[in-house]
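Read through the structure below, which is laid out as structure tokens, and then see the notes.
Throughout, read-outs are computed from the coordinates displayed, never taken from laboratory work. It should be emphasised that the depicted structure is a prediction, and the values quoted were computed from it without experimental measurement. We place every Cβ from the backbone using ideal geometry, glycine too, and count neighbours over all the protein chains shown.
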Amino acid sequence: MQQPTLEQLRARHGGRYKWLVLLTVLLGTMSSILSSTIVNVAIPDLSHHFQIGQGSAQWVAAGFMLSMTLSMLTTPWLLLRFGLRRTYTGAIVLLLAGGVIGGFSFDFSLLLAMRVAQGLAAGVLQPIPNIVILRAFDPGEQGRAMGLFGFGVVLAPAIGPSVGGFLVELFGWRSIFFVVVPFCIAALWLIRRFLPINSSMLGDAKSLDWKGLLLVGISTMGVLNGLAQLRSAPLQGVGLLALGAVALVAFLWLERRSEQPLIHLGLFRYRQFTMGALVAFIYGMGLFGSTYLLPVYMQMALHYSPSHAGLVLLPAGIVLAVAIPLAGRLADSIAPHLLVTFGLGLLTLSFGLMTSGSLTTTFLTLAVWAVIGRIGLGFVLPSLTLGSMRGIDSSLIAQGASTISFLRQMGGAIGVSVAGIVLEWRLGAHHASLSEAGSDAAERIHAFDETFWLVTVICALAMVAAWRMRPAPAAGAAPQASA
């Protein structure tokens, strides 16, 4: 059966066609985010099943984040080279294969490899809805579209921990890998129905900047492994951090001279983009670091079951799903930097409250603290990309959306690693352990409280950059150089 062309699909569905395309790409993004967040609840079970320590277990989350971060930079090139339909289909198939094979893994190395494969797919999928919104929707509709996108994106992490907790208790950790299967199958059906072969995103794709991608990979691995080695092997840790810094400088030098750069450095001539990129990085550190910490904190410090740990986050997820569309509508009429700053303030408050947790902290109290943070998150998500990208030259839209997503996930990968490292450090300082049942529970909670202080400070720093996201005063003026 011959597939309809883009023109035929537009004629058939009229003005709602762009919303159908957004729904199609949104489902894939939801699948990838669900795959990312649902596994965190199972980390204690994975540690026990494979008899691995906290340092190894964190790579189940960090490995996914790292591979997702790197593959994001390839999305603009893939869209130009293969078009939206082929790029999106390939990523969904890889995500599906990673879930199925990961669920049947009997070796931790194979499981970790499948998490990396899923991360590669997720990285390609993540920037696509933003690119569709910025290209297909008028400025007056972009906030509403971002609200719908945000609603779908947060629905996955809202239900993920709760569903994952029950699945782990009833069927074991393997079951959570299969959750993405029905979503991926549904996405493949929507692709066949609504995405044409002759995508408007096809273009003149020059060769992929493999040298730049390699340098980014070396830099990221150097930083993450260097941080992990600082306590146990300080000299080796410093050497790896230095390698990461050198690779980063080499990457920036290469990008300035590349005809087809992974990151177009001209984007950083716009002040609002530069500040938005900084917010995305810092915010990613705080958000993903806390997403890793919370399930571990509730199960190993407060002794919640996996299902109860997930239920603490369920009310927050529902509130977030309501807040996102509201914030998206506000973004069409209120300056995005104001919404982002307000949202980060609530997120900072939520993490600050988490620092006072103790054995007497009730289930309801934890749920309320989480709700405050998720309301803040609802105000950040729809406004961050819009605030960063408004005023950017249209030829840089795909690069800009991909770069913002990349920096957010880069911050997230570093945040997960730093959170695990700081937690291990503070546990050692308090002579406590997550693996020893007889360890002093109060000292264990103190270690978590101190780690939450780190996340609180990180989010407070993001507020400073968010306030400077406001655009240059004169409309139509030349882009303002960043400091």
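Summed over all non-identical Cα pairs, the Kirkwood treatment of the chain gives a radius of 22.6 Å. Computed about its Cα centre, the charge dipole of region 210-294 is approximately 140 debye, with only Lys, Arg, Asp and Glu carrying charge at their Cβ. Note on the chain: dipole from Cβ charges, positive end direction compared against Leu366, Leu423, Gly343; the farthest Cα belongs to Gly343.
Beyond 16 Å, what share of the Cα-Cα pairs of region 210-257 is found? Please give it as a whole percent. Display every interim value, and only then the final one.
Details: 403 of 1128 pairs.
Here the tail beyond 16 Å accounts for 36 percent of pairs.
Projecting the Cα atoms of Ile397, Val296, Val457 onto the charge dipole of the chain, computed from C-beta unit charges around the Cα centre, puts Ile397 farthest toward the positive end. Note that region 202-317, at 10 °C in a medium of 1.306 mPa s, gets a Stokes-Einstein diffusion coefficient of 90 µm²/s from its Kirkwood radius over C-alpha pairs.
By counting other Cβ atoms within 10 Å of each Cβ, how are Phe178, Phe50, Phe183 ranked from fewest to most? If you can, show how the numbers build up before the last one.
Numbers: Phe178 15, Phe50 18, Phe183 21.
Fewest-to-most Cβ neighbours within 10 Å comes out as Phe178, Phe50, Phe183.
Think of it as helices only: each DSSP H run of n ≥ 4 in the chain is worth -39500 (n - 2.57), and spread over all residues that comes to -26500 deg cm²/dmol at 222 nm. Across region 345-475, the convex hull enclosing all Cα atoms gives 115 Å³ per residue.
Shown here is the pair-distance distribution of region 271-398: with all Cα-Cα distances grouped in 10 Å bins from zero up to the longest one, the shares run 13, 40, 29, 14, 4, 0 percent.
Suppose every K and R has +1 on its Cβ and every D and E has -1 on its Cβ; what is the size of the dipole of the chain about the Cα centre, in Debye to the nearest 20?
Numbers: 28 positive and 18 negative charges, 297 e Å.
It works out to roughly 1420 debye.
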